Structure formats: C-alpha cells, structure tokens
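Peer 1: One structure follows; several queries about it will come next.
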Amino acid sequence: MDILTPLNSAQREAVETVAGPVLILAGPGSGKTRVITHRVAYLIKACGVKPHNIMAVTFTNKAAREMEERLEQLLGRTAGALTLGTFHAICARILRSEGEAMGLNPRFAIYDADDQLNVIKQSLEEVNLDPKQYSPHALQSAISAAKSRLLTPEEYSRRTQSYFEEIVQRVYERYQELLQKSEALDFDDLLLDTVRLLENHAAVRNKYQSRYVHILVDEFQDTNLAQYALIRQLAGKYKNICVVGDPDQSIYSWR
C-alpha cells in the first residue's frame with residue numbers, strides 16, 4: 001500500500017514537501033500526529049533518508065509513545081534507529097554522551113520537581129531567607145522561567161528590576177551551586193545545558209548538525225525560547241525542519 005493512501009490532499013502536501021523549513025498549522029483532530037509519522041515514513045521509504053538521520057520531537061512521554069507506536073506500525077524494526085522522544089529525553093541523551101566537554105559527569109542525576117523544591121528550601125536557608133516569607137514554589141517557578149529564557153544566575157543578576165527578582169537571583173545562584181555539588185541537573189538544565197553545549201563546542205555542534213538531516217517537531221506552539229534555540233542549533237546545517245502546531249492551543253499565550 002502507498003504510504004500516502006490514508007492521507008487527504010492537504011495532509012499529502014504537508015508530507016511531500018520535504019526540502020527546507022516547513023510550518024504546518026492544524027487544529028484539533030486534524031491529524032497532526034498522522035502527518036508527522038507519515039512524513040517520517042515518506043522520508044525513509046520514498047526519499048531514501050536513513051532513519052539515523054531523522055529526529056522527531058514532541059512534548060510529553062504519552063505523545064512520544066503514541067508516535068513511536070505509529071512509526072513501528074509504518075516502519076517495523078526500522079523505527080528503532082530514529083531519534084524519537086521528548087525534548088528533555090533527547091537532551092539527556094546528548095548530555096550523557098557529550099557533556100564531559102563542558103565538565104558534566106555523564107552519570108549526572110536528574111532532579112524532579114520535588115527534588116528541586118527541597119534544594120530551593122535548602123538554598124533559602126543558606127542565604128538566610130525565611131521560607132515562610134518567600135514561597136519556595138514561587139521561587140521554583142521564577143528559576144524555571146529564567147532557565148527557559150536561557151539565563152544563568154549571572155545573566156539573570158544583570159536583569160533584575162525588582163526586590164523579588166533580587167531574591168530570586170540570590171536563591172538561584174545558591175541553588176545551582178548545590179545542584180553542581182550533587183552532580184545533578186533539573187529538567188530545565190537539560191535544555192539549557194544542551195543549548196550551551198552546542199553553542200560553545202563546535203565539534204559537538206557539527207557532529208549533531210551533520211547527523212540530523214531532517215528534524216520534525218510536534219506541538220510547536222508550545223516551544224519556549226530554550227527549545228526553539230535547541231532546534232535552531234540542531235537544524236543549522238541542512239535547515240530541513242518541519243514543525244506542526246495549533247496556535248489556538250498555545251500554553252504560553254496565557255502565562
């Protein structure tokens with residue numbers, strides 16, 4: 001059966017337009033995941049692209065599993081050679097493989113939200129601030145927002161404009177020191193450190209840019225600055241990037 005048989009005309013056009021950057025806007029129930037998966041299958045079966053040279057990224061583990069299952073149906077065992085997963089999972093793989101170039105222990109721990117909160121509470125105490133006066137949850141959110149904007153503690157300190165931001169900077173700085181002491185990264189660090197790695201280490205950047213001839217991103221409307229910067233770095237050589245999204249579902253428009 002032709003790989004494009006299940007698709008309507010608009011979906012076929014989105015799948016067959018393979019060269020250069022492609023933006024696909026699609027609403028709920030319009031078959032976004034179907035387009036992504038059939039586009040991957042089309043690249044491999046019709047265009048001769050090796051699975052090793054394709055990356056497909058999405059936002060949640062559930063969406064990644066669904067994409068993986070669909071691709072296994074379309075491609076069989078070939079699907080196992082694709083780079084497929086969430087932004088965080090793919091960044092974790094890159095950092096464990098290449099992070100020593102920036103001084104990371106490849107066996108670094110990954111702290112979840114509860115771990116982060118505990119370190120923030122410890123940071124508050126160590127910079128002589130009262131956790132009852134300054135909400136650890138609010139500080140956690142502010143630090144996460146800073147990292148999503150690719151701001152290190154030093155860069156954040158140059159942008160503080162309020163008393164609360166000065167508190168955030170003090171806690172953020174100690175928080176990072178404690179993470180480094182424990183050889184741990186939080187979820188935001190996975191993205192931030194991968195972007196820094198690609199920006200500052202040409203050999204690593206060239207390796208991954210040369211590998212990924214085609215990059216596909218699902219739910220693109222939800223990308224933050226760090227995710228956008230990551231994809232832009234990885235797609236810098238071939239610029240064959242396909243993004244699929246629905247601007248009406250953006251989670252950042254109301255934040």
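The values are calculated or read from the model by the stated rules, or taken from the named source; none is laboratory data. Note that this is a predicted model, so its numbers are computed, not measured. Glycine also receives a Cβ, built like all others from the backbone with ideal geometry; neighbour counts cover every protein chain displayed. Remember, those area values only see protein heavy atoms, side chains included, never the ligands or the DNA or RNA. Shrake-Rupley method; radii C 1.70, N 1.55, O 1.52, S 1.80 Å.
Peer 1: For segment 146-255, rounded, prolate or oblate, judged on the Cα gyration tensor with a ≥ b ≥ c (square roots of eigenvalues), a/c < 1.5 rounded, else prolate if a/b > b/c? Spell out each step's value before the answer.
Peer 2: Values: a/c = 2.52, a/b = 1.41, b/c = 1.80.
Oblate.
Peer 1: Let me know the Rg and Dmax you get for segment 65-145 when you use only its Cα atoms, in Å.
Peer 2: Every Cα atom of segment 65-145 included, Rg and Dmax give 18.9, 58 Å.
Peer 1: Continuing with this model, one more query. Taking K and R as +1 and D and E as -1, what net charge do the other residues with C-beta under 12 Å from the C-beta of Gln180 add up to? Can you show the working numbers first?
Peer 2: On the way: positive: Arg174, Lys181; negative: Glu173, Glu177, Glu183, Asp186, Asp189, Asp193.
Taking every Cβ under 12 Å from that of Gln180, the sum is -4.
Peer 1: Here is a further query. Below 14 angstrom from the Cβ of Asp130, what's the summed charge of the other residues (Lys, Arg +1; Asp, Glu -1)?
Peer 2: Numbers: positive: Lys121, Lys132, Arg170; negative: Glu125, Glu126.
Computed value for this residue: +1.
Peer 1: Report, in degrees rounded to the nearest 10, the 0 to 90 angle that the Cα long axis of helix 163-181 makes with the longest principal axis of the chain.
Peer 2: Approximately 70 degrees, to the nearest 10.
Peer 1: Which FRET efficiency, nearest 0.05, do Ala109 and Leu4 yield, Cβ-Cβ r, R0 45 Å? Display every interim value, and only then the final one.
Peer 2: Values: r = 45 Å, r/R0 = 0.99.
FRET efficiency, Ala109 to Leu4: 0.50.
Peer 1: If you take the square roots of the eigenvalues of the alpha-carbon gyration tensor of segment 120-211 and sort them as a ≥ b ≥ c, do you get rounded (a/c under 1.5), prolate (a/b over b/c) or oblate?
Peer 2: In terms of gyration-tensor shape, prolate.
Peer 1: Here is a follow-up. For a Förster distance of 30 Å, can you work out the FRET efficiency between the beta-carbons of Lys181 and Ser157, rounded to the nearest 0.05?
Peer 2: Numbers: r = 20 Å, r/R0 = 0.67.
Calculated transfer efficiency: 0.90.
Peer 1: Considering only the other residues whose Cβ falls under 12 Å of the Cβ of Leu216, what net charge follows from Lys and Arg at +1 and Asp and Glu at -1? Mind dumping the intermediate values first?
Peer 2: Values: positive: Lys32, Arg39; negative: Asp218, Glu219.
So the environment of Leu216 carries a net charge of 0.
Peer 1: Follow-up. In 5 Å bins starting at 0, how do the alpha-carbon pair distances of the chain split up by percent?
Peer 2: All Cα pairs considered, the percentages come to 1, 6, 12, 16, 17, 14, 12, 9, 6, 4, 2, 1, 0, 0.
Peer 1: Per DSSP helix of 4 or more residues, -39500 (n - 2.57); summed, then divided by the residues of the chain. What does that give at 222 nm, rounded to the nearest 500?
Peer 2: Working: 11 runs with 134 residues, N = 255.
Only helices count here, giving -16500 deg cm²/dmol.
Peer 1: Among Ser157, Ala63, Ile44, whose Cα lies farthest out toward the positive end of the dipole of the chain, if unit charges sit on the beta carbon of Lys, Arg (+1) and Asp, Glu (-1)?
Peer 2: Most positive-ward Cα: Ile44.
Peer 1: Still on this structure, I have one more. Apply the a/c threshold of 1.5 to the C-alpha gyration tensor of segment 38-84 and tell me whether it is rounded, prolate or oblate.
Peer 2: prolate
Peer 1: Would you mind pulling out the separation of the Cα centroids of segment 166-187 and segment 28-76, in Å?
Peer 2: 37
Peer 1: Helix 113-126 versus the longest principal axis of the chain: what angle, 0 to 90°, nearest 10, using Cα atoms?
Peer 2: 20
Peer 1: Next up: Using modelled amide H (1.01 Å from N, peptide plane; none on Pro or chain starts), what sits under 5 Å from the amide H of Thr86, excluding residues fewer than 5 places away?
Peer 2: Long-range HN contacts for Thr86: Thr58.
Peer 1: How much accessible surface area, in Å² rounded to 10, belongs to the heavy atoms of Phe164 with a 1.4 Å probe?
Peer 2: 90
Peer 1: OK, next. When the Kirkwood radius is taken over all Cα pairs of segment 6-78, what Stokes-Einstein diffusion coefficient follows at 25 °C and 0.890 mPa s, in µm²/s?
Peer 2: 190
Peer 1: What are the extents of the Cα atoms of segment 103-154 along their three principal axes, listed from largest to smallest and rounded to whole Å?
Peer 2: 37, 23, 19
Peer 1: Once amide H atoms are built 1.01 Å from N in the peptide plane, which residues 5 or more positions from Ile110, or in another chain, come under 5 Å H to H?
Peer 2: Those qualifying (amide H under 5 Å, at least 5 residues apart or on another chain) are Leu185.
Peer 1: How tilted is helix 136-148 with respect to the longest principal axis of the chain? Cα atoms for both, answer in degrees (0 to 90, nearest 10).
Peer 2: Orientation of helix 136-148: about 50 degrees from the principal axis.
Peer 1: Shifting gears a bit: So for the pair Ala101, Lys45, with labels modelled 7 Å out along Cα→Cβ, what separation do we get in nm?
Peer 2: Taking the two extended label points, one gets 3.6 nm.
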